[in-house]
Amino acid sequence: MIHAIIDIGSNTMRMAIYQIDKDKVEMIMKKKVVVGLAAYVKDGVMSQAGIDKASHIMHEFRQYLMGLHIERIASFTTAALRNATNSREAVAEIERRSGIPIRVITGDEEAAFDFFGASRSIDRDEGVLVDIGGGSSEIVHFKDGKIAEKASLDLGSLALKAKDVTGIKPTPREVTEMRADVKEALKGLNIFDGVSTVDLIGLGGTFRGAVSVYKALHPEDNIENTIPATGLYGMIAHFAVDEILPENDMVLLMRAEPDRLHTLFPGFVIAGAIAEKFNAHTITYNASGVREGFIYKEIIPNL
């Protein structure tokens, strides 16, 4: 069966089309629009401009799907709309204008979907999995193939950028401010006390970007999807020194992650602090995540 999954994130809105049966999930195509919904939240309220933007893109997604006669559509939204004080009203308006029902998933559900999506390609019984989004970050400690503890932080790369960074890349002072904010946010994660991991598993664009940029800076390392955890701070230091980026560095960033330049370094700061918390030596990027987990937990059982 053909199913469309729409993920309304804090930084991007994605529509992916999958062919799904009981024992096989294959993504056929994906459309992504960088929206930055978290930036439309002012004093906790999703602005009308943000609602209009999301409604327009959702309407376009629906028109595309109707043109292909795809009627099985599931849509969910995460931190930007979830945490807005006018969440219910904003979601209702987007649903009305687009014609697509939207499920608001909790931070707890998002963390669980992350694990269920990635677990099929994880070759270990215990570890720590992290998904850094635009408006929140999910952390899962798993053991014996099951979730042991999970948490969702109201801290994401776009939200941190909006708070502490004025330009596309941070200054050294802004990096210091971001690190302080992230470490303060991590203080409350007592459920993970005593948990450590040699290799952190990272989901989402921040970790994909980290691998891409690290590869470009260190082609001699011949890595696949794993980088040293210290490489995150090394990359921040490399790019944050000069007020104006040298041309070679500018080209490198644009080639590696053109859609994520404004949130790349805030994401690296969050990832680096989390890696330190769990004493991780390396970070491995995993391409699966919340959409795949949603499929395994919410769609396949009902086929």
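Only the coordinates and a few stated rules stand behind these numbers; no lab work does. Keep in mind the model is a prediction, meaning the values are calculated, not measured. Cβ sites come from the backbone with ideal geometry, for glycine too, and all protein chains shown count toward neighbours.
Put simply, the convex hull of the Cα atoms in the chain casts, on average, a shadow of 15.7 nm². Each of ASP249, ASP131, ASP221 has some number of other Cβ atoms within 10 Å of its Cβ, and from fewest to most they run ASP221, ASP249, ASP131. In the Gaussian network model of the chain, springs joining C-alpha atoms below 10 Å, which of LEU264, LEU252, LEU37 carries the largest mean-square fluctuation? The residue with the greatest mean-square fluctuation here is LEU252. Multiplying the residue separation of TYR64 and MET1 by 0.36 nm and removing their Cα-Cα distance gives an extension gain of 20.9 nm.
Residue separation of ARG88 and ASP23 scaled by 0.36 nm, minus their Cα-Cα distance, works out to 19.9 nm of gained length.
Label-to-label distance for ARG103 and HIS56 is 2.9 nm, based on points extended 7 Å past Cα in the beta-carbon direction.
By the rule of a C-alpha distance below 20 Å, with chain neighbours fewer than 8 residues away ignored, the lysines paired with LYS297 are LYS22, LYS24, LYS143, LYS146, LYS150.
From the phi angles alone, apply the Karplus equation (6.51, -1.76, 1.60; θ = phi - 60°) to the stretch 170-178 and give each ³J(HN,Hα) in whole Hz, x where the residue is Gly or Pro. 3J(HN,Hα) across the stretch 170-178, in whole Hz: x, 7, x, 5, 5, 4, 4, 5, 5.
For the stretch 272-303 and the stretch 176-244, what is the centre-to-centre distance using only Cα atoms, to the nearest Å? Their Cα centres are 16 Å away from one another. Measuring between their Cα centroids, the stretch 82-127 and the stretch 1-36 lie 13 Å from each other.
Each residue of the stretch 185-197 was assigned a 3J(HN,Hα) from its phi angle through the Karplus expression (A = 6.51, B = -1.76, C = 1.60, θ = phi - 60°), giving 5, 7, 4, x, 8, 5, 5, 9, 4, x, 8, 9, 8 Hz with x at Gly and Pro. Across the stretch 2-104, C-alpha contacts under 8 Å between residues 6 or more apart give a mean separation that, scaled by the residue count, equals a relative contact order of 31 percent.
Among the GluC sites (Glu not before Pro) within the stretch 164-225, those in coil by DSSP and having at most 13 neighbouring Cβ atoms inside 10 Å are GLU224. Placing unit charges on the Cβ atoms only, positive for Lys and Arg and negative for Asp and Glu, gives the chain a dipole magnitude near 720 debye about its Cα centre.
The label point for LEU189 and the one for LEU261, both projected 7 Å from the Cα toward the Cβ, are 3.0 nm apart.
For the stretch 122-286, what class follows from the C-alpha gyration tensor (a ≥ b ≥ c being the square roots of its eigenvalues): rounded when a/c is under 1.5, otherwise prolate if a/b is larger than b/c, else oblate? Here the stretch 122-286 falls in the oblate category.
Taking every C-alpha pair closer than 8 Å and separated by at least 6 residues, the mean separation divided by the residue count of the chain gives a relative contact order of 20 percent. Using the Cα gyration tensor of the stretch 166-255, with a ≥ b ≥ c the square roots of its eigenvalues, what is the shape: rounded (a/c below 1.5), prolate (a/b larger than b/c) or oblate (neither)? Verdict is oblate for the stretch 166-255.
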